[in-house]
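Input: a single structure, listed below in structure tokens.
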Amino acid sequence: MSCQTTPLGSSCLDLWREKNDRLVRQAKGAQNSGLTLRRQQLAQNALEGLRGLLHSLQGLPAAVPVLPLELTVTCNFIILRASLAQGFTEDQAQDIQRGLERVLETQEQLGPRLEQGLKELWDSVLHASILLPELLSALHRLAGLQAALWLSADRLGDLALLLETLNGSQNGASEDLLLLLKTWSPPVEELDAPLTLQDAQGLKDVLLTAFAYRQGLQELITGNLDRALSSLHEVASGLCPRPVLVQVYTALGSCHRKMGNPQRALLYLVAALKEGSAWGPPLLEASRLYQQLGDTTAELESLELLVEALNVPCSSKASQFVIEVELLLPPPDPASPLHCGTQSQAKHVLASRCLQTGRAEDAAEHYLDLLALLLDSSEPRFFLPRSRPGPCMPELFLEAAVALIQAGRAQDALTVCEELLSRTSSLLPKMSRLWEDARKGTKELPYCPLWVSATHLLQGQAWVQLGAQKMAVSEFSRCLELLFHAIPEDKGQGAASNCEQGCKSDVALQQLRAAALISRGLEWVDSGQDTKALQDFLLAVQMCPGNQDTYFHLLQTLRRLNRRDEATALWRRLEAQTKGPQEGATWSLPLYLESYLSWIHPSDCEALLEEFQTSLPESCDL
């Protein structure tokens with residue numbers, strides 16, 4: 001091959017350039033192919049052609065006349081490879097490094113710099129480019145790819161230093177990466193330059209949009225709403241692809257909702273829904289907006305549409321064989337308002353909101369659908385990790401049972417509870433070992449006894465609804481037996497008590513004990529056994545002094561038993577508590593327990609206190 005014997009000859013250079021241009025045209029032509037397999041095959045063939053061409057060029061000594069073409073082939077190869085893989089890898093970083101080393105080889109500066117990292121290599125190459133103006137366009141294109149790689153890897157410090165060097169500033173005066181990107185001015189490409197898949201200016205536009213979007217989303221998550229608005233408006237006003245624009249409009253809607261501008265928020269959410277087919281995030285954000293406005297009907301309609309939208313496979317557009325904005329965006333963050341989760345997670349939000357807003361019949365149906373969806377999954381996972389957002393599977397069963405009881409479907413609730421017990425009761429014999437491990441700090445606090453106890457509590461309430469008092473009392477007693485015997489009293493000495501999760505479980509345990517004691521006490525009251533009811537209410541006050549409902553039930557029982565002195569002392573205490581400052585709850589309770597406690601809450605506590613006061617002798621009156 002004559003080209004290899006005279007590598008710098010114009011004929012060889014022309015042949016290499018023609019091959020590069022042909023491969024670029026082939027890749028661009030593949031983008032317009034309607035058949036997915038066909039376009040992928042054409043692009044893959046172009047990639048292999050570029051790989052072979054680059055191998056031939058780098059197999060020869062580095063020479064300044066050939067380097068502009070060699071760097072262009074390197075850029076085309078990296079762009080096509082990253083596009084096909086939908087992401088950057090370490091291989092692309094090595095390709096960039098090899099290109100920089102080839103530049104330094106022409107200046108005989110490579111020797112000791114072989115040990116340098118990419119940052120130092122860029123510094124050396126960009127200083128050397130002053131003597132090699134013919135390489136400037138290709139180097140800026142390569143720098144754009146380096147910037148994209150570092151942005152996708154969140155190496156913002158390295159990216160800022162690279163941009164400062166590209167802009168001719170070494171003093172680090174600007175810490176504003178967005179400003180550095182705007183200041184970067186890539187040289188205009190020569191008309192007769194080798195063909196490229198994407199020029200430096202195109203890479204700059206993508207970098208600007210991607211960074212502004214990332215910055216705006218991060219500011220939104222951390223609550224810096226003014227800065228978030230500024231960055232997101234920057235994205236919307238630039239060259240923003242439609243899928244990203246949907247997310248930008250949704251984020252802007254979230255910003256305005258949090259800033260108290262519901263009308264502007266709604267306008268952006270409508271714009272997001274009109275802009276593309278990814279309806280999940282704007283629908284979820286719309287439900288939050290309507291919840292904030294108190295429009296429950298619109299909120300639940302938005303959630304129903306969200307569940308339907310997540311059931312439809314998202315039609316992804318065919319990717320272009322260039323570096324696109326989506327390639328540089330971080331993976332979805334569960335803390336982000338744009339994270340709408342899976343269909344089952346959306347279904348749970350809908351079911352729980354129906355339960356919380358008193359739509360028990362709808363809640364029951366949604367919970368049953370949700371359980372069917374999860375249990376029929378190809379990969380069922382009963383005990384979900386506690387680190388995941390939302391409740392775990394046993395808590396979904398408990399919420400479903402609560403919804404069914406509230407909807408008057410006690411028999412269905414019993415069926416759900418039996419299913420849960422069949423999945424959890426077998427673990428109870430192992431609990432003593434788990435509690436011991438928890439005390440030693442070797443494992444997390446086990447939740448199984450809480451779930452099983454709560455299941456018996458709900459079974460008791462279902463039997464109450466069915467009028468089977470004996471069965472109800474039996475279930476409440478079984479719940480208490482588990483709570484007092486299966487769960488050690490000294491568990492608070494364990495490592496779990498020092499963490500937030502441990503505190504939450506302590507509060508839930510106390511409230512669960514109080515709920516079971518009050519529930520059994522109310523059954524004793526209904527059967528005229530006030531003495532037994534008194535024992536349960538006194539124990540509930542002792543077990544959970546923070547639950548005021550126990551005091552009101554105790555007051556009514558003392559009054560019925562004509563134990564006036566004790567009732568008066570308790571009444572004075574309750575009067576002082578209701579008139580003093582109210583302490584907010586430190587921890588939120590699981591939804592199933594919150595709902596249950598609302599069922600056993602005395603109907604009108606203030607009226608009860610006033611009625612008791614009028615019955616007191618004048619000398620006892622405050």
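Just the residues that are under 15 Å from ARG359 (Cβ atoms) and part of a helix (DSSP H, G or I), please, taken from segment 281-298.
Scanning segment 281-298 gives SER287, TYR290, GLN291, THR296, THR297, ALA298.
From the list ALA82, ALA30, ALA46, ALA93, which one is at pLDDT below 90, open to solvent by less than 40 Å² (accessible area, probe 1.4 Å), closer than 21 Å to GLU324 by Cα and under 44 Å from the mean Cα position of the chain (by Cα)? Working first, answer last.
On the way: ALA82 fails: at pLDDT below 90; ALA46 fails: at pLDDT below 90; ALA93 fails: at pLDDT below 90.
When all the criteria are applied, what remains is ALA30.
Look through THR297, THR222 and report the one residue that is within 20 Å of the chain's Cα centre (by Cα) and free of Cβ contacts under 8 Å to residues at least 12 places away in the same chain. Break it down stepwise before answering.
Working: THR297 fails: within 20 Å of the chain's Cα centre (by Cα).
Exactly one residue qualifies, and that residue is THR222.
Here is a list: ALA251, ALA265, ALA278, ALA271. Which entry is without any contact (Cβ under 8 Å) to a residue 24 or more places away in the chain, among the aliphatic types (A, V, I, L, M) and either touching a Cys at 6+ places or on another chain (Cβ under 9 Å) or in a helix (DSSP H, G or I) (or both)?
Values: ALA251 fails: without any contact (Cβ under 8 Å) to a residue 24 or more places away in the chain; ALA265 fails: without any contact (Cβ under 8 Å) to a residue 24 or more places away in the chain; ALA278 fails: without any contact (Cβ under 8 Å) to a residue 24 or more places away in the chain.
ALA271 is the lone residue from the list that is without any contact (Cβ under 8 Å) to a residue 24 or more places away in the chain, among the aliphatic types (A, V, I, L, M) and either touching a Cys at 6+ places or on another chain (Cβ under 9 Å) or in a helix (DSSP H, G or I) (or both).
Run down VAL507, VAL416 and say which single residue is crowded, with 21+ Cβ neighbours inside 10 Å, in a helix (DSSP H, G or I) and either modelled with pLDDT under 95 or not polar (S, T, N, Q) (or both). I'd like the intermediate steps shown before the answer.
On the way: VAL507 fails: crowded, with 21+ Cβ neighbours inside 10 Å.
VAL416 is the lone residue from the list that is crowded, with 21+ Cβ neighbours inside 10 Å, in a helix (DSSP H, G or I) and either modelled with pLDDT under 95 or not polar (S, T, N, Q) (or both).
Of all residues in segment 582-606 being at pLDDT 70 or above and more than 23 Å from LEU450 (Cβ to Cβ), which is farthest from the chain's Cα centre (by Cα)? Break it down stepwise before answering.
Just the residues of segment 582-606 that are at pLDDT 70 or above, to begin with: 588-604.
In the following step, the residues that additionally are more than 23 Å from LEU450 (Cβ to Cβ) were identified as 602-604.
Numbers: PRO602: 38, SER603: 39, ASP604: 40 Å.
Selected residue: ASP604.
Among (1) farther than 23 Å from THR209 by Cα; (2) under 23 Å from the mean Cα position of the chain (by Cα), where does SER336 come up short?
Tallying (1) farther than 23 Å from THR209 by Cα; (2) under 23 Å from the mean Cα position of the chain (by Cα), SER336 fails exactly one: (1).
Within segment 245-261, work out how many residues are open to solvent by less than 10 Å² (accessible area, probe 1.4 Å) and over 17 Å from SER277 (Cβ atoms).
Here is the first cut: in segment 245-261, the residues open to solvent by less than 10 Å² (accessible area, probe 1.4 Å) are 246, 248, 250-256.
Imposing the further condition that a residue be over 17 Å from SER277 (Cβ atoms) reduces the set to 251-256.
Counting residues in segment 245-261 that are open to solvent by less than 10 Å² (accessible area, probe 1.4 Å) and over 17 Å from SER277 (Cβ atoms) gives 6.
Do we have PRO281 as in contact with an Asp or Glu (Cβ under 7 Å, 6 or more places away or on another chain) and open to solvent by less than 30 Å² (accessible area, probe 1.4 Å) here? Spell out the reasoning first.
Numbers: in contact with an Asp or Glu (Cβ under 7 Å, 6 or more places away or on another chain): no; open to solvent by less than 30 Å² (accessible area, probe 1.4 Å): yes.
No; evaluated as a whole, the condition is false for this residue.
Taking GLU365 as meeting all but one of (1) modelled with pLDDT of 85 or more; (2) open to solvent by less than 80 Å² (accessible area, probe 1.4 Å); (3) within 19 Å of ALA462 (Cβ to Cβ); (4) of a type outside the set (Gly, Ala, Ser), write down the number of the exception.
(2)
Can ARG513 be described as within 19 Å of SER603 (Cα to Cα), in the same structural domain as LEU597 (by the TED database), open to solvent by 10 Å² or more (accessible area, probe 1.4 Å) and not aliphatic (A, V, I, L, M)? Show your work before the answer.
On the way: within 19 Å of SER603 (Cα to Cα): no; in the same structural domain as LEU597 (by the TED database): yes; open to solvent by 10 Å² or more (accessible area, probe 1.4 Å): yes; not aliphatic (A, V, I, L, M): yes.
It is false that ARG513 is within 19 Å of SER603 (Cα to Cα), in the same structural domain as LEU597 (by the TED database), open to solvent by 10 Å² or more (accessible area, probe 1.4 Å) and not aliphatic (A, V, I, L, M).
Out of (1) open to solvent by 30 Å² or more (accessible area, probe 1.4 Å); (2) polar (S, T, N, Q); (3) outside any loop (DSSP other than H, G, I, E, B), the odd one out for SER302 is which?
Unmet for SER302, out of (1) open to solvent by 30 Å² or more (accessible area, probe 1.4 Å); (2) polar (S, T, N, Q); (3) outside any loop (DSSP other than H, G, I, E, B): (1).
On the given criteria, is THR72 open to solvent by less than 50 Å² (accessible area, probe 1.4 Å) and modelled with pLDDT under 90?
Numbers: open to solvent by less than 50 Å² (accessible area, probe 1.4 Å): yes; modelled with pLDDT under 90: no.
In short, no.
Which count do you get for residues in segment 287-318 that are farther than 22 Å from LEU370 by Cα and of a type in the set (A, V, I, L, M)?
Total meeting the criteria: 3.
How many residues, within segment 307-328, are buried (at least 18 other Cβ atoms within 10 Å of the Cβ) and touching a residue at least 60 places away in the same chain (Cβ under 8 Å)? Spell out how you get there, then give the answer.
In the first step, residues of segment 307-328 are kept if they are buried (at least 18 other Cβ atoms within 10 Å of the Cβ); the result is 307, 309-310, 321-325, 327-328.
Then keep just the ones that are touching a residue at least 60 places away in the same chain (Cβ under 8 Å); that gives 321-325, 327-328.
Of the residues in segment 307-328, 7 are buried (at least 18 other Cβ atoms within 10 Å of the Cβ) and touching a residue at least 60 places away in the same chain (Cβ under 8 Å).
Kindly evaluate LEU538 against the criterion of being of a type in the set (A, V, I, L, M, F, W, C), crowded, with 19+ Cβ neighbours inside 10 Å and not in a loop (DSSP other than H, G, I, E, B).
Values: of a type in the set (A, V, I, L, M, F, W, C): yes; crowded, with 19+ Cβ neighbours inside 10 Å: no; not in a loop (DSSP other than H, G, I, E, B): yes.
No: the conditions fail for LEU538.
Name the residues in segment 96-136 that are among the polar types (S, T, N, Q), at pLDDT 80 or above and under 23 Å from GLY202 (Cα atoms), would you?
GLN97
The values are calculated or read from the model by the stated rules, or taken from the named source; none is laboratory data. These numbers come from a predicted model, not from an experiment. FYI the Cβ positions are ideal-geometry reconstructions off the backbone, even for glycines, and counts take in every protein chain you see. When the accessible area is computed, the model is the full protein with side chains, heavy atoms only, and any ligands, DNA or RNA have been set aside. Shrake-Rupley method; radii C 1.70, N 1.55, O 1.52, S 1.80 Å.
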